[in-house]
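Following: one structure in structure tokens, then a few remarks.
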Amino acid sequence: MLTRRHVLASTLAAPALLHFGTGTAKAATTLKISHQFPGGTIDKGDFRDRLCRMFAAEVAKRSNGEIAAEIYPNSSLIKTNAQFSAMRKGALDISLYPMPYAGGELPETNIGLMPGLVTTYDQGLKWKGQPVGKALSDFLADKGIILLSWVWQAGGVASRPRAIVAPEDAKGLKVRGGSREMDMVLQTAGASVLSVPSNEIYAAMQTGACDAGITSSTSLISFRLEEVSKFLTSGAGASYWFMLEPLMMSKTIFDGLPKNHQDIILAVGAELEAFGKKGAQEDDAEVAKVYEKAGAKVTPLDISTVNKWRDIARDTAWKDYGAKTATAANLLKLASDIAA
């Protein structure tokens, strides 16, 4: 049984080391927590980084220093898209990870960004206690991943040539959607698509490889896309783009921990879900202020426009996803029952 982990050599990266101990001789279990977002402090910065730091501090406190953590922001330890596979192999302990980034490896994970399927935070957060949540958690556990904190984020569009509000506005533009299914919807609307993680949208828009990026409100702020945009479509009031970005853990590592450590990790992860919702909603409101200050024109989405995107998604992305595997079909049905 795994009872201790050692700190990585400093040559690998420059992590935030969070050690909380009682001075005992016993070596702490050291967990590596990686994510793609900008680093900050436990009190300031991207709420996703803050959530990781809060998680580290609280598990250390409750374990009396038996669990320590290293936090690697900005994909400084492992490249963004590789983090999911690394967790499955036991090479990375924990990541706050946009679930659909794993779609190339496990297409079922694209349920985490199915356009128009989730349209409110309360609806998304219901998944955890409903059959769809159990089915998704069981599927991921079977593939080597434990869900610790369910975090949903609404999104909007940062664009340079013109605002993308209704589907017809996307025609002829190069747009980053965030998942295979969102890309299908954009292509049906007449756009061409670019597949990059959110931390690469800025460079893509700066070089002209991308005209617009759809991403979470938090990423629209944290990655400073207002600097390369003239228009913002805000999802604060309504959105067809909700992404599941949970705190995940390697099942191999989790299973090797003592039961009391497992219990602490699961409890802290669940308790941080309220913070995740609050942080996402605060950024939904803040993003308009940031873009207006930068001189961008801000347009809010409304329900009727969201429904236009959903109608396209139902005829394209939903059908394509549901035909992938029996698991995908079941997840889509269970999630649709909540959406109905």
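List of remarks:
- For the range 74-149: relative contact order, % (alpha-carbon pairs under 8 angstrom, 6 or more apart): 23 percent
- Once the Cα-Cα distance is subtracted from the 0.36 nm per residue extended length, the Ala285 to Asp122 segment shows a gain of 57.0 nm.
- Angle of helix 47-62 to the longest C-alpha principal axis of the chain, folded into 0 to 90 degrees and rounded to 10: 20°.
- Taking 0.36 nm per residue of separation and subtracting the current Cα-Cα distance, fully stretching the chain between Ser195 and Asn64 would add 42.8 nm.
- The antiparallel fraction among DSSP beta bridges confined to the chain stands at about 55%.
- Sequence ranges 288-296, 113-121, 266-274, ranked by mean other-Cβ count within 10 angstrom, highest first: 113-121, 266-274, 288-296
- Straight-line cross-link partners of Lys128 among the aspartates and glutamates, defined as a Cα under 16 Å from its Cα and at least 8 positions apart when in the same chain: Asp138, Glu245, Glu271, Glu273, Asp337.
- For the range 237-319, size of Cβ-based charge dipole, Lys and Arg +1, Asp and Glu -1, in debye: 260 debye
- In the chain, Cα pairs under 8 Å separated by at least six residues give a relative contact order of 23 percent.
- GNM result for the chain, Cα springs below 10 Å: residue of Gly65, Gly279, Gly129 fluctuating most strongly: Gly129
- Mean separation of Cα contacts under 8 Å (6+ apart) over length of the range 137-285, as relative contact order %: 39 percent
- Magnitude of the charge dipole for the range 186-287, about its Cα centre and with charges confined to Cβ atoms of Lys, Arg (+1) and Asp, Glu (-1), is about 180 debye.
- Positive dipole terminus of the chain, leading residue within Ser76, Tyr321, Asn307 (C-beta point charges): Ser76
- Net charge dipole size for the chain [Lys, Arg +1 and Asp, Glu -1 on Cβ; Debye, nearest 20]: 420 debye
- With 0.36 nm allotted per residue and the present C-alpha distance subtracted, the Ala141-Ala203 stretch has 18.8 nm of extension available.
- Farthest toward the positive end of the dipole of the chain, out of Pro161, Ala274, Leu194, is the Cα of Leu194, where the dipole comes from beta carbon charges about the Cα centre.
- C-alpha center-to-center spacing [the range 205-271, the range 93-152] in angstrom: 12 Å
- Projection of the Cα convex hull of the chain, averaged over all directions and equal to a quarter of that hull's surface, yields 16.2 nm².
- Close lysine pairs were tallied over the range 224-324: pairs 8 or more places apart or on different chains with Cα atoms under 20 Å apart number 8.
Every number here is computed from the coordinates shown, using simple stated rules; none is lab data. This structure is a prediction, so every number in the text was calculated from the model and none was measured. Every residue, glycine among them, receives a Cβ derived from its backbone with ideal geometry; neighbour counts consider all protein chains shown.
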